[in-house]
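Participant: I'd like to ask you about the structure that follows.
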Amino acid sequence: MKSIQLFRKISIVLLLALTVGFFAPQTSLAQDGGITEEFFETGLGTGLWVRGEFYAYFRTHGGLEIFGYPLTEEFVDQGLRVQYFQKARMEWHPENPNPYKVQLGLLAEELKYRQPPVPEPTPRSRRKVYFPETGHTVSYAFLDFFNKNGGIDVFGYPITEMYFEDGQIVQYFQRLKLQWQPNNATNTVAVGNLGDAYFQMYSYRMLLQENPGQDSRPESMPITGLQAVVSLRYSVMSTQRNQIVTVLVNDNTGRPLENAQVSISFVDKSTNTVLPGSTQTLPTDKRGFVSASLPVNKGRSGTNIIVRAVVTYGSLTTTAQNVFLLWW
């Protein structure tokens, strides 16, 4: 019953966080005058504390801008002390040397956002840094934000390139997500809400804490949503070649979805027309993947080509996309 009560509390707090917003009116001081904890109130008579080592990490690594508001207070999950925030999960690892006892959880990895590696871009540039550990590049404003806010120690390695997701440019790192906000004059780069996404995708696990050996979606839990990610072999290419497109489809619990129908097409962004011969529909395999080699037979140099994947499973549907540049 404790796990169910915890899940219900988390769900209520998350709902309040998304609908009414937070403010932080209450803190506590240590004997030396330093603040050791802070209470984030919803404005409706309920709220959550961030305390101790987690609060010290919160304050020294960017606070609300990097982590967002807490979604839970700290608790023990499978022997690990954790606390969830809108944008991240903090974990306590006492076996690590200082200052690495507090680490951010690998939420983007757990949510299966990792894409296949890409070749190192040429020519090399200080504005583009390639990480061979994961085979992905961090560039331009995202690189500036990454370097300014802790780099690998905070974000982990990049596990995707920049790509379009729901009409927005995003990039996933092992621990955090970055998104481009061109209409925000103050903060054009922001950290996305991976903590919120985790609870939307994996909240059923809170109900399974009494049965820790169970590691699959309960058969009785219906599939109520789809998630798709499009990855590309080439971010820049010429015509008269084939682009390799891979699409990963998960269900609402984050599990790979077999036999989802994926319709892939290339769209010239400048004219909003589909490139001839570029449309193909395929089913996902047991791993939730589908891969296609599609020709690029038309387009002007300097044109952005949107790779659009429309996914259907029964009555459910979702759309994901990525983009590459024609250049020669």
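The values are calculated or read from the model by the stated rules, or taken from the named source; none is laboratory data. Remember, it's a predicted structure, so these values are computed and weren't measured experimentally. When we count neighbours, we look across all protein chains shown, and the Cβ atoms used for this are built from the backbone with ideal geometry, even at glycine.
Participant: Please work out if LEU29 is modelled with pLDDT under 85 and exposed (fewer than 12 other Cβ atoms within 10 Å of the Cβ).
Facilitator: When the stated conditions are applied, LEU29 passes them.
Participant: Output the qualifying pairs, or none if there are none: Cβ atoms under 6 angstrom, residues six or more apart or on different chains, first residue in the stretch 32-56 and assigned by TED's automatic domain parsing to the domain that holds TYR69, second residue at pLDDT 95 or above.
Facilitator: Listed by first residue and then by second, the contacts come to GLU37/TYR55; VAL50/PHE58; GLU53/VAL102; PHE54/MET90.
Participant: Is it the case that some residue within the stretch 308-316 is in contact (Cβ under 8 Å) with a residue 40 or more places away in the chain and of a type in the set (Ser, Thr, Tyr)?
Facilitator: Yes, there is a match, as at least one residue in the stretch 308-316 is in contact (Cβ under 8 Å) with a residue 40 or more places away in the chain and of a type in the set (Ser, Thr, Tyr).
Participant: If I ask for residues that are among the β-branched types (Val, Ile, Thr) and in contact with a strand residue (DSSP E or B) (Cβ under 7 Å, 6 or more places away or on another chain), which ones from the stretch 219-257 would you list?
Facilitator: ILE223, VAL229, VAL230, VAL236, THR239, ILE244, VAL245, THR246, VAL247, VAL249
Participant: What pairs can you find where one residue is in the stretch 77-105 and assigned by TED's automatic domain parsing to the domain that holds GLU65 and surrounded by 12 or more Cβ atoms within 10 Å (Cβ to Cβ), the other is in a strand (DSSP E or B) and among the basic types (Lys, Arg), and their Cβ atoms are less than 8 Å apart, with a gap of 6+ or different chains?
Facilitator: From the stretch 77-105, the pairs are VAL82/ARG89; GLN83/ARG89; LYS87/LYS177; GLU91/ARG81; TRP92/ARG81; LEU104/ARG89; GLY105/ARG89.
Participant: Moving on. Please determine, by comparing only the residues of the stretch 307-328 that are under 14 Å from VAL247 (Cβ atoms) and of a type outside the set (S, T, N, Q), which one is surrounded by the fewest Cβ atoms within 10 Å (Cβ to Cβ).
Facilitator: If we take residues in the stretch 307-328 being under 14 Å from VAL247 (Cβ atoms) and of a type outside the set (S, T, N, Q), then VAL310 is surrounded by the fewest Cβ atoms within 10 Å (Cβ to Cβ).
Participant: Now for a separate question. Can you pull out every residue in the stretch 275-287 that is buried (at least 17 other Cβ atoms within 10 Å of the Cβ), closer than 24 Å to LEU226 by Cβ and in contact with an Asp or Glu (Cβ under 7 Å, 6 or more places away or on another chain)?
Facilitator: Across the stretch 275-287, the qualifying residue is only THR284.
Participant: A further question follows. What pairs come up if the first residue lies in the stretch 132-147 and is closer than 20 Å to GLN115 by Cα, the second is assigned to a helix (DSSP H, G or I), and their beta carbons are under 8 Å apart, counting only those six or more places apart or on different chains?
Facilitator: Note: pairs meeting the criteria are VAL138/PHE146; PHE146/PHE155.
Participant: I would also like to ask the following. Hey, can you tell me all the residues within the stretch 152-190 that are over 13 Å from PHE142 (Cα atoms) and in contact with a Leu (Cβ under 6 Å, 6 or more places away or on another chain)?
Facilitator: GLN174, ARG175 - these are the residues of the stretch 152-190 that are over 13 Å from PHE142 (Cα atoms) and in contact with a Leu (Cβ under 6 Å, 6 or more places away or on another chain).
Participant: With GLU65, GLU37 as the choices, which residue is at pLDDT 90 or above, surrounded by fewer than 16 Cβ atoms within 10 Å (Cβ to Cβ) and among the charged types (D, E, K, R)?
Facilitator: Exactly one residue qualifies, and that residue is GLU65.
Participant: If you don't mind, another one. Hey, VAL50 hits all of (1) at pLDDT below 80; (2) closer than 29 Å to THR253 by Cβ but one; which does it fall short on?
Facilitator: (1)
Participant: Another question, if that's okay. Within the stretch 124-141, can you find the residues that are of a type in the set (S, T, N, Q) and either in contact with a Leu (Cβ under 7 Å, 6 or more places away or on another chain) or assigned to a loop (DSSP other than H, G, I, E, B) (or both)?
Facilitator: Scanning the stretch 124-141 gives a single hit, THR134.
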